[in-house]
1. Of the residues that sit in the stretch 370-398 and are in a strand (DSSP E or B) and hydrophobic (A, V, I, L, M, F, W, C), which one is nearest to D253 (Cα to Cα)?
2. Limited to the stretch 415-440, what total is found for residues that are open to solvent by 40 Å² or more (accessible area, probe 1.4 Å) and assigned to a helix (DSSP H, G or I)?
3. Which residue pairs have Cβ atoms under 6 Å apart, sit 6 or more places apart or on different chains, and have a first residue in the stretch 50-74 that is within 14 Å of I304 (Cβ to Cβ) and a second that is part of a loop (DSSP other than H, G, I, E, B)?
4. Grab the helices (runs of 4 or more DSSP H) fully contained in the stretch 266-369, keeping just those with 3 or more residues being over 30 Å from P479 (Cα atoms) and among the charged types (D, E, K, R).
5. Since E112 meets every condition but one in (1) within 27 Å of L197 (Cα to Cα); (2) surrounded by fewer than 24 Cβ atoms within 10 Å (Cβ to Cβ), which condition does it not meet?
6. Just give me the residues in the stretch 115-140 being open to solvent by 10 Å² or more (accessible area, probe 1.4 Å) and basic (K, R), in sequence order.
7. Condition (residue is under 30 Å from P104 (Cβ atoms) and either open to solvent by less than 10 Å² (accessible area, probe 1.4 Å) or in a loop (DSSP other than H, G, I, E, B) (or both)) applied to the stretch 545-554: is it met by at least one residue?
8. With respect to W249, determine if the residue is touching an Asp or Glu at 6+ places or on another chain (Cβ under 6 Å) and either open to solvent by less than 10 Å² (accessible area, probe 1.4 Å) or of a type in the set (A, V, I, L, M, F, W, C) (or both).
Amino acid sequence: MSFPWQKPGLTADQQAAAVVAEMTTDEKFAWLSGPMAIPLKKGDTLPPEAIGSAAYYPAIARLGIPALQQSDASLGVSALGGVRPGDHATALASSLALGASFDPDLAQATGEMLGREAFGKGFNVQLAGGANLIREPRGGRNFEYISEDPLLTGVMAGHSVRGIQSQHVVSTVKHFAVNAQETGRVLADSRISESALRESDLLAFELAIDIGKPGAVMPGYNLVNGDWASENHFLLSQVLKGDWQYPGWVMSDWGATHSATKAVRAGLDVQSGANLDKCVWFDQPLREAMTQGEITTAQIDNMIQRILRSLFACGAIQHPAQRGNHLDYSWHQLIAQREAEQGIVLLKNDQQTLPLPPELTRIVVIGAHADKGVLAGGGSSAVTPQGSLQQEGVDFMGIQTPKVYHPSSPLVAIRRNSLAKQVDFVSGESIDAALDASQGSDAVIIFAEEWRSEALDAQGLDLSDHQNRLIDRLSAVHPKVVVVLETGGAVTLPWLDNVPALLEAWYPGSGGGEAIAGVLFGRVNPAGRLPITFPASAQQLPHPEQVDPSTTTSLPGVEVKGEIFKIDYDVEGADVGYRWFERQQQKPLFPFGFGLSYTQFRYEDLQLCQTSGEITASLTLTNCGEREGSDVVQIYLRPTSGRYPSRLVAFRKVTLAPGASHRISLCIEPRVVAQWDSTEQNWSITEEEYDIYQATDAATPVLKGKLTLTAQTFGYR
């Protein structure tokens, strides 16, 4: 049987239009709203064709259109609530680890792996592409996001999306936009000026969409300047579909739709998780809106056209996902391990404590269930491979989601990578037992954890009191204590001066144990750089105080507690993270971009130029150490007038053999240099002198130069 869209030479838009022209009204409405494809209460059943996942929309077999099968998320193919018993999936390291790699090629490779697993499990839409800026260091979902910087976030998220979609699986980008905290997320109103928004959060999404061309965009639960993100005309119609001419579809988050007519007019195309909303807005209420002339048939057709266009553009219709395809999980675990290795950040290494020498006699490993696995974040993105340790977690929309440790044991990997005669493990629950076990050992490796989850912000920036006491007591009596952090974001470290070596491993995924051991013993030369600033205390933050989670509601589909409350993000505006610290002249615990190596690098001969509007910076990088290593060349810019603080404007990861040099030229992204003119509705670069410098992190310039830039304006019309 041939279908209208199979005519040779048609574009994705023409293929979609051919299908829309043949669809009935009921077929269209079957794709405009849908419930979670997970039974939430006893007696709930799924359509027989539904795999069991975030969502299912029925096939249109007579037109050759497969069902939409949608799964979470950026870190792997999840199975929330154990909806697919026995299912196995590879868990990628957290998006913070990906951001710490500063490696777009790695982002694309991990995206390809994720798309390949989704396709092999029968999914053609992956709810990935977390591109929110990390404005709130205590945010519960920070581990799903990439960084505090719009350039780094946009580039890495875009390449991840590109990788997923290369496997004929649509990827979203989410959560659009300024969705920075979990506490009260369904009632929080993010207030921010247009210029600040365009130069920060929206710029991250714009770059991600430019690079990755995601098939769908998902707004968040929050309001933005008084309107829900899912019915925000400025976000969805003026910026996304207007200025950026975005051709794909906009799907709400699950249970985040609040109207029919207003939402459609604002630019929402699909009501996701409709069973979590007060009403299935995009069924009978939307049909009534059409009858009353509030919504036209052409608008409905455009909504369906956008979905089909994205499916055709990435080949999801021409190459239907087939459940049961063979997947090489061993290969995928190696990809996840490589991501974790490249994302681990060496934060301290006094007297070359690391890498640990092979001739040690006895090592003691302590804490964080390092004998079982590595910690993962919680919520809809949580991937639970077979063999995971599961503990009590959180109630997520009526689904019990556990606290998971992925089955990649650091203890086993340390034994495998070390030549030590004896490697012992102590749980760390008893500090006295840990002190006893450490006596006579050559090295103590303490694993410290901080668990975060969707719908659950961290309360403060501290590790648990018990873990801080454990590290304090051990470092007071043992000269070689190495601390490995498994955290969902920045934490304070009151014992930092007392330990000689410190690694940030984030949530390192299915290959996490081997990755950590590889860095500890030198098989891997650490190359990660912090994608977020580590504050010295919460008092340094733009918003030191937190909303009490007991006073508000953080989950959709539950009885609302509290009222809409405003968050004034104009306090920091576009100056998120390291920009805020520079503006306030505050010294953080660790700056954005910071990370150590087992080798040393030299930087020379910075040259700056502007030709035909293109700004470039070039320099020579030399590995002057004794082993191969990777460095992240970071270029920052700020007006000498001080109109705004430093901004990361270019970066590149470079790997060099010992003694090798490489001349590097980097193009500076003009939208990061420019400021948004809300009156003229365009970008503007002021003609003036700018400091442009290469730095090892946001606070440590090395090579400095000045360049007077030519005035430029550019926009979307």
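1. Applying the filter and picking the extreme gives F396.
2. 6
3. Correct list of pairs: Y57/W31; Y57/G34; P58/A30; P58/A67; L63/F3; L63/E22.
4. By residue number, 297-313.
5. Against the list (1) within 27 Å of L197 (Cα to Cα); (2) surrounded by fewer than 24 Cβ atoms within 10 Å (Cβ to Cβ), E112 comes up short only on (1).
6. Listed by number, the residues that qualify are R116, K121, R135.
7. There is no residue in the stretch 545-554 that is under 30 Å from P104 (Cβ atoms) and either open to solvent by less than 10 Å² (accessible area, probe 1.4 Å) or in a loop (DSSP other than H, G, I, E, B) (or both).
8. Values: touching an Asp or Glu at 6+ places or on another chain (Cβ under 6 Å): yes; either open to solvent by less than 10 Å² (accessible area, probe 1.4 Å) or of a type in the set (A, V, I, L, M, F, W, C) (or both): yes.
Yes: the conditions hold for W249.
The values are calculated or read from the model by the stated rules, or taken from the named source; none is laboratory data. Predicted model, so just to flag it, every value in this text is computed and none were measured. Reconstructed Cβ throughout: ideal geometry from the backbone, glycine too, with neighbour counts over all protein chains shown. Each accessible area value is taken on the protein alone, full model and side chains, heavy atoms only, with ligands, DNA and RNA left out. Shrake-Rupley method; radii C 1.70, N 1.55, O 1.52, S 1.80 Å.
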